[in-house]
Structures are given as C-alpha cells and as structure tokens.
1. Residues of segment 1-26 being within 17 Å of Ile105 (Cβ to Cβ) and open to solvent by less than 30 Å² (accessible area, probe 1.4 Å), which ones?
2. I'm trying to understand the selection: among the residues of segment 40-66, which are within 22 Å of Leu118 (Cβ to Cβ) and touching a residue at least 40 places away in the same chain (Cβ under 8 Å)?
3. Among (1) in contact (Cβ under 8 Å) with a residue 24 or more places away in the chain; (2) surrounded by fewer than 18 Cβ atoms within 10 Å (Cβ to Cβ); (3) farther than 21 Å from Pro183 by Cβ, there is one condition Asp69 misses while meeting the rest; what is its number?
4. Can you tell me which residue among Leu60, Leu5, Leu89 is touching a helix residue (DSSP H, G or I) at 6+ places or on another chain (Cβ under 7 Å) and more than 23 Å from Gly144 (Cβ to Cβ)?
5. From the list Ile125, Ile119, which residue is touching a His at 6+ places or on another chain (Cβ under 8 Å), modelled with pLDDT of 95 or more and over 14 Å from Ile22 (Cβ atoms)?
6. Hey, which of the helices (runs of 4 or more DSSP H) in segment 75-193, taking only ones fully inside, have at least 2 residues that are open to solvent by 10 Å² or more (accessible area, probe 1.4 Å) and of a type in the set (D, E, K, R)?
7. Pairs please, first residue from segment 161-189 and over 18 Å from Arg11 (Cα atoms), second anywhere and open to solvent by 50 Å² or more (accessible area, probe 1.4 Å) and at pLDDT below 95, Cβ atoms under 6 Å, 6+ apart in sequence or on different chains.
8. Across segment 141-158, what is the number of residues that are at pLDDT 95 or above, of a type in the set (A, V, I, L, M, F, W, C) and under 19 Å from the mean Cα position of the chain (by Cα)?
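The values are calculated or read from the model by the stated rules, or taken from the named source; none is laboratory data. Small disclaimer: the values here were computed from a predicted structure and weren't measured. Cβ placement follows ideal geometry from the backbone for every residue including glycine, while neighbour counts extend to all protein chains displayed. Only protein heavy atoms, including side chains, enter the accessible area calculation; ligands, DNA and RNA are left aside. Shrake-Rupley method; radii C 1.70, N 1.55, O 1.52, S 1.80 Å.
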Amino acid sequence: MTPLLAKVISRLFDLYTWSVVINVLALTRTDLSRPQFIFLGLSLFLLEVIFPVALFIIFLKKKLITDIDLTQRRERPLYFSCLFLLAALGSLLGYVVGTRPFFLIQLVELFLIGGMTLITLFWKISGHMMINAAGIFFLNYFFGWQYWWLFFLLLPVGWSRWYLHKHDLWQLLAGALLGLSIPTAVFGVIGLF
C-alpha cells in the first residue's frame, strides 16, 4: 500500500497538474480581455501542453529519456532546455499581448525552468517540490494568502519523492526553495506584493 500511495501522491502533485492550475490562474485572475483570454489560452495550450507532450513522446521514442520523471540527471538538460525555449516564447507573448500580472506569471515560469535547467547541469533537484511550492505560492498570492496551509502539502510530496528514491533531502529542499524564491523575488522586485 505504501508504494502505491507514494506513486499516487507523486502523480497527483506533478508538473502537469500544477501547470494547469497556474495557467488557469494566469488566464482568469489577471484581468485579461476576452480576445486576450482566447489568444493566450490557445497559445498556452500549445506551448505548455501540446508541444511539451509531443517533445516528451519524441524524446522517449528516441531513448533520450527513460521515464516520466526524468530520473536520470543526464536526461534532463536537453528536455528542460526545450521547455525553457517554449517558456521564453510564452513570456514574450505575455509581454506583448497580456496584462502585467499575466506576463509576470509567465516570467516566473521562465525563471523556474531556466533555474532548473542550469542547476541540472551540475546537480539534480526536485521539480515536484519546485512546481508545488510555486503553485501554492500563486494560489495564495491571487487569493489573499487564505490557503497558506496548502504549503503543508509539500510534506507528503517530498515524502513520496524520497520514498520512491527519486531525490534525497537536499534535492527536495533545493526544489522547494527555488519554487518559493523565484516567484517571491519576481513579484517582490516588480512591486506587486
């Protein structure tokens, strides 16, 4: 039962789940007009769902990656670099077409993926912890910090990644720290806090 629970938690709170949550927040809580909403919604669907999944399938078929978690550090840089380029395009679209808060969310995503890509060249950190910390930050930011208790979800997520032998304690802490520090810095420096 314990291995199954760890796998369920790991899948339930992964990048794909939080990507949907963050993008729904970006589309619905940043004062986009109807045309902006439609254009950016379709753009995000392509840039953050269709293209990454297609790339993942191609990388899997070409044996550039071996599993959904990209467990082997050496498999991560190329795929993450592709995600970074997609996020850069999303940030550019957010800047040109979106509102300031929408752009900032895209910028945070770009910095998160960029930070993860650079760190992965030398060390492996937990993307699960990073995206969960950032996602919970965004939920709280847009809803007045009334869901601060969701940060406790980082405990079972971290446990599941440790239990499944995907990360050690330092990799988990580093992922959570990156996931909290980048949105805090971007929103703090830009002055939206």
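1. Within segment 1-26, Trp18, Ser19, Ile22, Asn23, Leu25, Ala26 meet the criteria.
2. Keep residues of segment 40-66 that are within 22 Å of Leu118 (Cβ to Cβ), which gives 47-48, 51-52, 55-56, 59, 64-65.
Across segment 40-66, the qualifying residues are Leu47, Glu48.
3. (2)
4. Values: Leu60 fails: touching a helix residue (DSSP H, G or I) at 6+ places or on another chain (Cβ under 7 Å); Leu5 fails: touching a helix residue (DSSP H, G or I) at 6+ places or on another chain (Cβ under 7 Å).
Going through Leu60, Leu5, Leu89 in turn, just one is touching a helix residue (DSSP H, G or I) at 6+ places or on another chain (Cβ under 7 Å) and more than 23 Å from Gly144 (Cβ to Cβ): Leu89.
5. Details: Ile119 fails: touching a His at 6+ places or on another chain (Cβ under 8 Å).
Matching residue, one of Ile125, Ile119: Ile125.
6. Working: elements: 76-97, 100-120, 127-142, 154-163, 169-190.
Correct list: 100-120.
7. Every condition considered, the pairs that remain are Phe187/Phe193.
8. 8
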